[in-house]
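Input: a single structure, listed below in structure tokens.
The values are calculated or read from the model by the stated rules, or taken from the named source; none is laboratory data. All values derive from a computational prediction rather than experimental measurement. Counting neighbours? That spans all protein chains shown, and the Cβs are built from the backbone with ideal geometry, glycine included. Accessible surface areas use protein heavy atoms only, side chains included; no ligands, DNA or RNA. Shrake-Rupley method; radii C 1.70, N 1.55, O 1.52, S 1.80 Å.
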Amino acid sequence: MHVAPHHLAAQAGRDVLRDGGNAVEAMVAAAAAIAVVYPHMNAIGGDGFWLIHEPGKAPVAIDACGPSAALATREFYAGLDSIPSRGPTAALTVAGTIGGWAKALEVAAPWGAALPLSRLLGDAIRHARQGVAVTTSQSALTREKFDGLKDAPGFAETYLVNGQPPEPGHILRQPDLANTLAQLAERGLDDFYRGELAARLGAELERVGSPVRASDLAAYRAQIVEPLAVRLNDSTVYNLPPPTQGLSALMILGLFERLGVTEGEGFAHLHGLVEATKRAFRVRERVVTDPQRAPADPRTFLTPEALDELAAQIHPQRALPWPDTAAPGDTIWMGCVDAQGRAVSFIQSVYWEFGSGTVLRGTGVCWQNRGTSFSLNPKALNALKPGHKPFHTLNPSLALFDDGRVMPFGTMGGEGQPQTQAAVFTRYARFGQTLQQAVTAPRWLLGRTWGDVSTTLKLESRFEPALVQQLRGAGHVVEELPEAFSDTMGHAGALVRHPNGVIEGAADPRSDGLVAAL
């Protein structure tokens, strides 16, 4: 089974499974496909993170986050208060996601005969060459972010129609990206970093004014890292270490577990998760940065003693004053389980919608703006420094239950990622909802995402008025959104493989995705 926020990506993964591929190979196919068909949410010029689980073994984590370029210094941005969010100077980090595909395929190599890259990238190449229908989501976000993106090099030629945002249903063809993917299929994924393609990418990045050079690409390799984990009553949940905010996702679950909430969807459930989120985010802001300069070991915040102490500070009826800082982001999460029970939780992103907006000439590659999360203040936790990784909102989750169930789950949505993961997990694992119920049910978001400036507690319109009033009465600054299913809440998904081999899946009605199974 494969789940993705765009149906063509889910089907690409499913079809690789049908052809005898494993979960990692299916995910590479889906990752390539979704970079073509959902370009406002991710691209091969972005970053990625993996959790890979084989039955009977501990999950393997892959950090495919590229560092800042050697030339990405405060001097490069002299005279500016912050790094520009769009354009070539926003493209200051190496794109790591292709390296992550390669590393994941290395992990899967002992599993048996490998399918050729031409098969794994075939659907993506076809969609790029023949064209795909622009989604309502892509059309609306292109229109919403138009002013910031329209002048980025290569953006108009690639994604606009006569200089204007495309309408839903417009056929988007990306022949340069098709050729790039075909070259990777022929020459190998390493060509992106140390081959002819890398030379062209480096030259084009330099031409448009990015600090990234071919030498930065050549120095990059994705890394296998030790995942973070939190032990719950009946399961262990895994996520990625810094520079991701995986720590906060696990802390929210660990803190909520200690509140003793027995019923879902009521005040205690929502208030408890929101208050756990605040405590987790305050830790995140203090400690999540490049691992080279992390001020504390993130694992110390996941011990039973540390979680007990923080949970004791949560008042069952009163909200902690907010706001604190927040981070936007645009991303895709996908999950896969193959016939042998191997599971993958995967996330891929360019940070903001279309990232830097810079599309490199002759390649079709749109480059991320993840490096804009660096600060030009030398005293900041995430101060800009060459060769360092930026703070990442990305964090895929995977739960291993004591009864043998395996659950990859996740979402896009920047600040909302750990919150939505907590909503889906608790609804399913604590309050007896089916997986699809857990994803479909009304959601909330504390803080801002997708370019919002408000840091309120945002609620979809389907919540009961009495519950909304209870939350306000407890001191939460509530903002009721007009939509019943809001894009603000991200695009979540989840799979659960049961011990008897049955796989349950859920795709988000807020997305253009589906669950595709054999």
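If a residue must be open to solvent by 30 Å² or more (accessible area, probe 1.4 Å) and either polar (S, T, N, Q) or more than 25 Å from residue 86 (Cβ to Cβ) (or both), how many such residues does the stretch 214-235 contain?
12
Which numbered condition in (1) modelled with pLDDT under 95; (2) at positive phi is the only one that residue 352 fails?
(2)
Looking at (1) surrounded by 24 or more Cβ atoms within 10 Å (Cβ to Cβ); (2) free of Cβ contacts under 8 Å to residues at least 24 places away in the same chain, which is the only condition residue 351 fails?
Status for residue 351: all satisfied but (2).
Looking only at the stretch 438-449, decide whether some residue is assigned to a loop (DSSP other than H, G, I, E, B), at pLDDT 95 or above and not small (Gly, Ala, Ser).
yes
Residue 195: of a type outside the set (Lys, Arg) and on the phi > 0 side of the Ramachandran plot, yes or no?
Answer is no for this residue.
Need pairs with beta-carbon distance below 9 Å; first residue within 26 Å of residue 68 (Cα to Cα) and part of a loop (DSSP other than H, G, I, E, B) and within the stretch 262-290, second open to solvent by 20 Å² or more (accessible area, probe 1.4 Å) and of a type in the set (D, E, K, R); sequence gap 6+ or separate chains.
Within 9 Å, the pairs are 289/389; 290/385; 290/389.
Are any residues in the stretch 107-119 in a helix (DSSP H, G or I) and either basic (Lys, Arg) or over 20 Å from residue 175 (Cβ atoms) (or both), and if so, which ones?
Result: 107, 108, 109, 110, 111, 119.
Which one of these does residue 499 not meet: (1) in a helix (DSSP H, G or I); (2) open to solvent by 10 Å² or more (accessible area, probe 1.4 Å); (3) at pLDDT 95 or above?
Of the numbered conditions (1) in a helix (DSSP H, G or I); (2) open to solvent by 10 Å² or more (accessible area, probe 1.4 Å); (3) at pLDDT 95 or above, the odd one out for residue 499 is (1).
Residue 246 versus (1) surrounded by 24 or more Cβ atoms within 10 Å (Cβ to Cβ); (2) without any contact (Cβ under 8 Å) to a residue 60 or more places away in the chain: which is the lone unmet condition?
Evaluating residue 246 over (1) surrounded by 24 or more Cβ atoms within 10 Å (Cβ to Cβ); (2) without any contact (Cβ under 8 Å) to a residue 60 or more places away in the chain leaves (2) as the failure.
Which count do you get for residues in the stretch 184-213 that are assigned to a helix (DSSP H, G or I) and surrounded by fewer than 18 Cβ atoms within 10 Å (Cβ to Cβ)?
Qualifying residue count for the region: 8.
Mind counting the residues in the stretch 453-475 that are assigned to a loop (DSSP other than H, G, I, E, B) and open to solvent by 10 Å² or more (accessible area, probe 1.4 Å)?
9
When the stretch 132-153 is examined, which residues are found to be polar (S, T, N, Q) and either on the phi > 0 side of the Ramachandran plot or outside any loop (DSSP other than H, G, I, E, B) (or both)?
Those that are polar (S, T, N, Q) and either on the phi > 0 side of the Ramachandran plot or outside any loop (DSSP other than H, G, I, E, B) (or both): 136, 137, 138, 139, 142.
With the requirement that a residue be of a type in the set (A, V, I, L, M) and closer than 23 Å to residue 319 by Cα, what does the stretch 257-301 give you?
259, 261, 268, 270, 273, 274, 276, 280, 283
Step by step: first the residues of the stretch 252-294, then only those that are open to solvent by less than 10 Å² (accessible area, probe 1.4 Å) and touching a Lys or Arg at 6+ places or on another chain (Cβ under 7 Å), then the one that is modelled with the lowest pLDDT. Which residue is that?
290
For residues in the stretch 57-71 being out of contact with any Phe, Trp or Tyr (no Cβ under 8 Å at 6 or more places or on another chain) and farther than 17 Å from residue 345 by Cα, which is most open to solvent (accessible area, probe 1.4 Å)?
Out of the qualifying residues, it is 71.
Looking at the stretch 29-51, I want the residues that are without any contact (Cβ under 8 Å) to a residue 24 or more places away in the chain and closer than 18 Å to residue 197 by Cβ and have a partner that is of a type outside the set (Ser, Thr, Tyr) and open to solvent by 10 Å² or more (accessible area, probe 1.4 Å) with Cβ atoms under 6 Å, at least 6 apart or on another chain. Which pairs are those?
So the pair list comes out empty.
I want to confirm something. Restricting to the stretch 118-156 and keeping residues that are among the polar types (S, T, N, Q) and open to solvent by less than 40 Å² (accessible area, probe 1.4 Å), which single residue is farthest from residue 37 (Cα to Cα)?
Only one residue fits best here, namely 142.
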